Amino acid sequence: MSFYHVYKELKLFDFEGFLNSVTSNDIHRIMHKELLNEKDFLMLLSPAVEEYLEELAQKAHQLTVQHFGKTIQLFNPIYISDHCVNHCTYCSFSVINQFKRQKLTMEEVDREAKNLASMGIKHILILTGESKLHSSVAYIKKTVEVLKKYFSSISIEINPLDTAEYKELKEAGVDGVTVYQEVYNEDVYRDFHVKGPKRNYRYRLDTPERGCQAGLRSVNIGSLLGLDNWRKEVFFTGMHAVYLQKKYIGTEIGLSLPRIRPHLGSFKPRSEVDDKAFVQSLIALRLFLPRSGITLSTRESAVFRDHLIPLGVTKMSAGASTEVGGYSLEALGTNQFEISDERGVRDICDALYKKGYQPVFKDWIQSSCPPVL
Amino acid sequence: MKDELIIGGVKLNNRLFIGTGKFHNDGVIPDVIKRSMVQVITVAMRRVDLRSSEENIMNFISKDMILLPNTSGARTAEEAVRIAKLARAAGLGDWVKIEVITDQKYLLPDNYETLKATERLVKEGFVVLPYMSPDLVVAKQLEEVGAAAVMPLGSPIGSNRGFRTKELVRIMIAESKVPIVVDAGIAKPSEACEAMELGADAVLVNTAIATSNNPIDMAEAFANSVKAGRTAYLSGVGATTLEARASSPLTGFLT
């Protein structure tokens, strides 16, 4: 059994018919329900919700504060290699794009880490393109060795790995894995992932599950909003999370809502996801999964991010760079995507305090941390 | 007889313990402490960052408080032991609240791993207060291996569902030799009061205080309700019936 089987069954459902049949009565009923089932969740993604967005937002806010307090956990990505063998039509790192590829040496990783740590960052997310040659598991392990000196929690957002490889990285000090399906619609998936190992839909879909099996503390999933109908994509994301959480009770399943951004190669999103749709997606996920962490990336603008804070977000990247060497080396790389929120860590903290929220820098102590951390 | 609560050899006057997570700004904590006059405060070791001068929770907790570092985030006994040792090495003292939670949905404690961690840490000289799902047999085992107090949950952490485990905690109170501290799920002062009326030795509250619109006032309300509940318990809470009752319907004629 894999989520693939769940997906296969779900995709036969008449989404359009169902979504259009939802009435305001249904939404009223859901508003007063304590535990939502999958049908309620799908209803929350229907057009009928639009006029109730404020009321639902208040409920989402209240649930988030109850479970997470008025706190936002901060982390930063660190891009260590942009070599990539895949051709994904929406990504700057795509193999067909011509630019000077970069890969950090351990000295450079150290310099980047030192700079990030000096801003107070304690949780770090390692990012690479997909290239067994340039960013092998051994290279990631070496990087983790360096990062361990500076950070209390290390996660990875790299190409999908086998369970044994995740175990190896866990032993090395990795706590979590982030892997987005990008798009759950299998047919559409093929259109966007033209070349390379990433074309294998099923292998990618089962990646979060392999992370759970390897015993990683947290597994973070999501779909890249804009690649297909967002109502369906968010629904599949939520169902994937539930599938994993039920099966792997000891793994923290988190969610992200990345939205497609302009990047090298002038890709235009296939399905427009406006701010209202984004907010509806966030609220639906929060109400359906009140205990799950939700990450917001710097893809969104500073103003929009500030507005989203009370609606269910629990984690944010701060002062993020999406290029290799972006924290210490001069103009080394190409950005994977353009970020919209260009504020530094201090500014983000100030914005949080102003909203009545407290930034949390440290929320775990990975196994080889020195006692002073 | 004086009504004293002694845990780990320390006499406590205030039977409300508080937590430190979920505040919108840790800067409010000193006033919460001052107004409620609490003595015991729990801190998640995973959040403590002694290297940071600014974002360090310890800046807001005065030295005379009794620190109860907790092992939240631990999913095995081994992790809990590691975190407890880190806390002691970092100078946070010998007290530790064991939290071992595998289940990431309801955040219910793993009693079996909790027992293992308690046993090991007691041997290493810690004053151990394990957080647990109410279960008399486990409570007795925790007592046996040297727990300084036992902390059954009122309902799942952060759930605000109130004192739902009352019947099980009632039995634990009746049978335990060590203090019983009701921890988690308490949403309202009246529920804290209820636990105290029942005979709990103390109550630990975090979410209800930290996420209220006015944490300082709410902390005071909880402190008062805990005190009221304790006084009521000591005075002997009367039996309840549904119907009104005359003073001595059967033997009144004797006077």
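Read the figures in this text as sums done on the coordinates, not as results from a lab. Predicted, not measured: the structure shown is a model, and the values here were computed from it. Heads up, the Cβs are rebuilt from the backbone with ideal geometry, glycines too, and the neighbour counts pull from every protein chain shown.
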Could you work out the helix-only [θ] at 222 nm for chain A, with each DSSP H run of four or more residues adding -39,500 (n - 2.57) and the total divided by the number of residues, to the nearest 500 deg cm²/dmol? -11500 deg cm²/dmol
Within 10 Å of the Cβ of an average residue in B:134-145, the count of other chain Cβ atoms is 0
Enter the mean number of other protein chain beta carbons within 10 Å of the beta carbon of each residue in A:61-69, as an integer. 4
Two-site FRET efficiency, residue B:35 against residue A:190, from Cβ-Cβ distance with R₀ of 45 Å, rounded to 0.05: 0.15
Quickly work out the residue A:31-to-residue A:199 label distance, labels modelled 7 Å from Cα along the C-beta direction, and quote it in nm with one decimal. 5.0 nm
Over the alpha carbons of segment B:5-235, what is the largest minus smallest coordinate on each principal axis, giving the biggest first in Å? 47, 39, 36
Give me the percent of DSSP beta bridges within chain B that run antiparallel, rounded to the nearest 5. 15 percent
Please enumerate, by chain and number, the lysines with C-alpha under 27 Å from the C-alpha of residue A:33, excluding those fewer than 8 residues away in the same chain. A:11, A:59, A:70, A:232, A:246, A:247, A:276, A:315, B:22, B:105, B:166, B:188
Placed amide H near residue A:156: partners under 5 Å, 5+ positions off or other chain: A:126, A:176, A:177, A:178
Per-residue [θ]222 nm for chain B (sum of -39500 (n - 2.57) over DSSP H runs n ≥ 4, rounded to 500): -10500 deg cm²/dmol
So how far apart, in nm, are the two label points at residue B:228 and residue B:3 if each is 7 Å from Cα heading toward Cβ? 1.4 nm
Relative contact order, percent, chain A [alpha-carbon distance under 8 Å, six or more residues apart]: 24 percent
Take every residue in peptide B:101-108, count the Cβ atoms of other chains within 10 Å of its Cβ, and give the average of those counts. 4
Starting from 0.36 nm per residue, how many nanometres of slack lie between residue B:62 and residue B:177 once their C-alpha separation is accounted for? 38.3 nm
Based on the Cβ-Cβ distance of residue A:118 and residue A:145, what FRET efficiency does E = 1/(1 + (r/R0)^6) give at R0 = 30 Å, to the nearest 0.05? 0.90
Rank by packing, highest mean first: peptides B:138-150, B:4-16, A:241-253, with packing defined as the count of other Cβ atoms within 10 Å averaged across residues. B:138-150, A:241-253, B:4-16
Using a Förster distance of 35 Å, how high is the FRET efficiency between residue B:235 and residue B:213, based on the Cβ-Cβ distance and rounded to 0.05? 0.60
Which whole-number percent is the relative contact order of segment A:79-229 (Cα, under 8 Å, 6+ apart)? 25 percent
Can you give the convex hull volume of the alpha carbon atoms of the protein assembly as shown per residue, in Å³? 172 Å³
Could you tell me how many cubic angstrom of Cα convex hull volume chain A has per residue? 127 Å³
Candidates A:300, A:171, A:182; GNM for chain A (alpha-carbon contacts under 10 Å) flags as most fluctuating A:171
Can you compute the modelled spin-label distance between residue B:13 and residue A:100, with each label point 7 Å from Cα toward Cβ, in nm? 7.0 nm
Tell me the relative contact order for segment B:1-110 as a rounded percent, counting alpha carbon contacts under 8 Å between residues six or more apart. 20 percent
Between segment B:183-211 and segment B:123-150, what is the separation of their alpha carbon centroids in Å? 20 Å
